[in-house]
Amino acid sequence: MSQNIQLKNPHLEGMPSDYLYHLAINVPDTKNTSDIQKQFGDVRVICTGGTAIRMLELAKYLGKLLGVQDTSEPVDMCAKGHRYALYKVGPVICVSHGVGSSTFSVVLHELLKLVHYARCQDPIFLRIGTCGGIGVTPGTVVVTKDAFNGLLRNEHEIAILGERVVRPAQFPESVIKDILAYGGRPDDGFQIISGNTMGTDCFYEGQGRTDGAICEYTAEDKMKFLHKCHDLGIRNIEMEASFFASVTQKIGVKAGDICVTLLNRLDGDQVNAEKKEEFEHRPFLVVGRYIQHLLKK
Ligand code: R2B
Ligand code: URA
């Protein structure tokens, strides 16, 4: 039986209205959300990714792939919020989340409330991103299993009311299995693997780079750290995985993190922009086929 998602906040029950501030979406009556249901009730998949331009490209790509009738350029439905971009193509929305879990957190809380008010049935949240690989060929697509934080723990840690709160950070096995089964094809010309992911709060020191504005460790320390990550099954490093896994796991909503490696961190720190565009398209293929499979169900 399909289900609307249940949020984990009893205070919402007592709120007659709700303004999703950063999305600039108003819910004037939380007990009668028929307008929001009309606009977003058919949404089955919420694709998220760092930049607005990549999410627009993804929306256009998925629109064609899924044969969505409306062939006009998708419009940013949250432009008034001036923070994030949201494009809707049929039963899929593509939303930008910025860099790192702090910007992602803001939009993810609001998206979870949006799909709740819209009564979306069994929505699936996906992140389509870029990352640094560890010991894998650049251009490989990694589907996250367990998400580690920058302390090399398979959990997410945040400060709430002045206290350290630690939450588990795993993605559902069924989602990983289906993304691997339906997303990749042997003739794609790139590898798709599942592996653990480290989500850090800092691109430079947090990821063991020696090319930031501050670095107080040696190149040897860095390599030792990267090998330690590899020993933990970590195959890629980005900046959102542990947060994303922990929030979706807490709410009990299905989610997956699909990232393309832009470089092999065992070979260096600098991101080479040359192949970036070609590589960034790879998760589109994977996610597109996975969504086609989901919508057939
Ligand atoms: C990958 O790329 C971004 C940093 O360049 C960040 O959002 C991430 O996780
Ligand atoms: N994004 C990251 O967070 N790290 C990388 O090395 C590349 C992209």
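None of the figures in this text is laboratory data; all of them are computed from the coordinates on show. Just so you know, these numbers come straight off a predicted model, no measurement behind them. Reconstructed Cβ throughout: ideal geometry from the backbone, glycine too, with neighbour counts over all protein chains shown.
Brief remarks on what is shown
- Percent RCO, i.e. relative contact order, over region 118-227, from Cα pairs under 8 Å lying at least 6 residues apart: 27
- Classification of region 128-297 by its C-alpha gyration tensor yields an oblate form. The axis ratio a/c (a ≥ b ≥ c) is 1.5 or more, and b/c is at least a/b.
- Relative contact order %, region 1-121, counting alpha carbon pairs below 8 Å whose residues are six or more apart: 37
- Sorted largest first, the spans of the alpha carbon positions of region 52-202 along the three principal axes are 46, 45, 28 Å.
- In the chain, Rg over Rh equals 0.97, where Rg is the alpha-carbon radius of gyration and Rh the Kirkwood radius from pairwise Cα distances.
- Scaled against the 2.2 N^0.38 Å expected of a compact globular protein of N residues, the Cα radius of gyration of region 17-80 reads 1.28.
- Note on region 1-121: Kirkwood radius taken over Cα pairs, Stokes-Einstein applied at 10 °C and 1.306 mPa s, translational D equal to 107 µm² s⁻¹.
- In the chain, the DSSP beta bridges split such that about 40 percent are antiparallel, to the nearest 5.
- Tilt relative to the chain, helix 241-251 - C-alpha long axis, 0 to 90 degrees, to 10: 30
- Note that region 184-197 has calculated 3J(HN,Hα) couplings of x, 9, x, 8, 5, x, 8, 8, 10, 10, 9, x, 7, 10 Hz, one per residue in order, obtained from phi through the Karplus relation 6.51 cos²θ - 1.76 cosθ + 1.60 (θ = phi - 60°); glycine and proline are x.
- Neighbour net charge for Q6 - beta-carbon separation under 15 angstrom, K R +1, D E -1: +3
- Only Cα pairs under 8 Å and 6+ residues apart enter the sum, and on that basis the relative contact order of region 128-297 stands at 39 percent.
- Exposure proxy for S96, S102, S2: other Cβ atoms within 10 Å of each Cβ, ordered fewest to most, give S2, S102, S96.
- Between 0 and 90°, nearest 10: helix 101-117 axis offset from the chain longest Cα axis: 30
- Full extension of the segment from L12 to I214, taken as 0.36 nm per residue of separation minus the current Cα-Cα distance, would add 68.4 nm.
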